[in-house]
1. In degrees from 0 to 90, rounded to the nearest 10, what is the angle of the helix 68-79 Cα long axis to the longest principal axis of the chain?
2. I need the shape label for the stretch 57-173. Rule: rounded when a/c is under 1.5, else prolate if a/b > b/c, else oblate, with a, b, c from the alpha carbon gyration tensor.
3. I need to check one value: relative contact order of the chain, counting alpha carbon pairs closer than 8 Å and at least 6 residues apart, in percent.
4. Could you list 384, 28, 179 so that the one with the fewest beta carbons within 10 Å of its beta carbon is first and the one with the most is last?
5. Given charges of +1 on the Cβ of Lys and Arg and -1 on the Cβ of Asp and Glu, with all other atoms neutral, how large is the dipole of the chain about its Cα centre, in debye to the nearest 20?
6. In terms of the Cα gyration tensor, with a ≥ b ≥ c the square roots of its eigenvalues, is the stretch 319-392 rounded because a/c is under 1.5, prolate because a/b exceeds b/c, or oblate?
7. What Kirkwood hydrodynamic radius do you get for the chain when you take the inverse of the mean 1/r over all pairs of distinct Cα atoms, in Å?
8. Placing +1 on the Cβ of each Lys and Arg and -1 on the Cβ of each Asp and Glu in the stretch 149-263, which of 152, 257, 207 has its Cα farthest towards the positive end of the resulting dipole?
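FYI, it's all coordinate maths here, none of it is from the lab. The model shown is predicted, which means the values in this text are computed figures rather than measured ones. Counting neighbours? That spans all protein chains shown, and the Cβs are built from the backbone with ideal geometry, glycine included.
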Amino acid sequence: MRCALLQASRPDRPWPPPEARRLAAAVEERLVRALSHPLAALVVCAGLAAVSVAFGLHGLAGPLRTDYVAMLTGARVLGHGGCLYCAAVQAHAQAALRGVPYGGLDPFLATPVAALAYQPLLALAPSAGFALFLGLSAACVIASGILIWRRLGLGAHGRAGAALLALSLLSLPAAWNYELGQVDGVLLLFLVAGTLMLASGRRWAAGLLLSLLLLKPQTIWLVPLVLLLVGEWRAFAGMAIGGACLAAASVGLVGLSGVGQWLGMLGARGPAVATSDGLPAAVASLGGNGAGVVAAAVLGVAVSVWAWGHRRSLAGRPLDVLALGVVASLLLAPHVFGYDLILLAVPLAILARRSIGAALTAALLLNATYLVDSYFIHAGPHLEAVALCVIGVLLAVDVRGRASGALPGPRPVPASAAASTPTGA
């Protein structure tokens with residue numbers, strides 16, 4: 001009996017068990033077959049595209065009732081040399097933008113560099129500026145989709161790959177980008193470009209491109225640490241240099257005191273952690289914002305320890321490292337919402353290189369949990385965290401399985417894509 005127990009607890013015992021893998025493979029095979037049907041693929045792609053267009057048009061109908069007004073507020077205050085993170089100054093600038101009395105303040109909480117980037121839009125009428133920004137976001141998302149399709153090998157999966165692209169780039173939570181004027185659609189292109197730089201071995205360039213996502217630090221905050229822990233020194237150095245430049249620009253725009261005011265305003269006027277889509281929301285719903293932030297830090301340390309323990313398995317596989325880092329960043333940040341989840345398009349595409357069925361399952365779960373959240377959960381922890389957990393687990397199982405030889409390697413990228421950008425993972 002003792003020998004049997006010892007045998008069962010051996011660290012090289014396959015996980016997940018073969019029975020679970022067979023069941024998952026059967027489900028995934030049926031899903032791929034279903035979404036490879038021309039009519040099903042058309043319905044998914046056209047339906048989600050229509051939803052995204054509808055969201056965008058709704059935002060265009062009232063741009064000053066969306067998050068776009070907060071970004072213009074920051075741009076206006078910065079342009080006039082005012083205190084960027086003072087609520088009273090922001091309220092005055094926002095009232096001037098709206099032109100009519102409006103209860104409350106939609107505060108500008110982004111980085112100072114973001115306020116600088118939005119300044120050119122102040123020269124346009126709100127609807128024209130929003131339309132221009134919407135067009136820019138759409139162009140970035142379309143370009144990202146083309147690059148993922150052609151250069152990350154998603155095109156090899158045919159209609160199933162097209163369905164995955166729609167379920168991630170045009171997912172129901174991601175559609176909020178187009179209504180609220182959020183910047184994640186633009187950041188997605190930086191993420192895709194950085195991923196392709198990693199795939200082709202240009203680590204420094206990849207790190208510099210990825211550092212641009214630090215304009216929204218919560219979307220990628222764990223990636224530099226994970227890159228460092230697994231030995232991706234050049235990519236980490238590129239991110240560190242780019243991040244240092246952004247930090248220096250922020251200090252140059254608002255000063256050190258302004259950075260302190262920004263952090264204070266995030267705590268005082270930012271959304272409650274309990275309304276976030278990540279795991280810290282569950283803790284914050286019981287213990288408040290402080291407990292949620294502590295939970296994010298503790299869980300971030302846990303992910304770092306895991307990455308360090310698997311550094312040999314992850315060595316030389318930068319795409320896997322990046323995918324895990326992005327998912328962990330979104331899952332564990334105390335301030336992540338549905339529109340940020342468009343960035344999952346890259347981890348899902350990387351997961352699809354081994355199993356398109358697993359990636360499709362996770363993408364469908366993401367959209368399904370969003371629907372449940374929309375209709376039944378208006379405050380408190382959101383079920384989208386479940387989808388994030390599933391994607392993270394699938395990526396982690398892939399790492400462990402390939403390291404032990406229990407799982408096959410990733411599907412080769414088509415020759416046309418490999419010729420220009422080898423995957424190198």
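1. Around 60 degrees separate the two axes.
2. Here the stretch 57-173 falls in the prolate category.
3. That works out to 21 percent.
4. With the fewest neighbours first, 384, 28, 179 line up as 28, 179, 384.
5. 1160 debye
6. On the way: a/c = 2.60, a/b = 1.48, b/c = 1.75.
Taking the square roots of the gyration eigenvalues as a ≥ b ≥ c, the stretch 319-392 is oblate.
7. Numbers: mean 1/r = 0.0447 Å⁻¹.
It works out to 22.4 Å.
8. Among 152, 257, 207, the one farthest towards the positive end of the dipole of the stretch 149-263 is 152.
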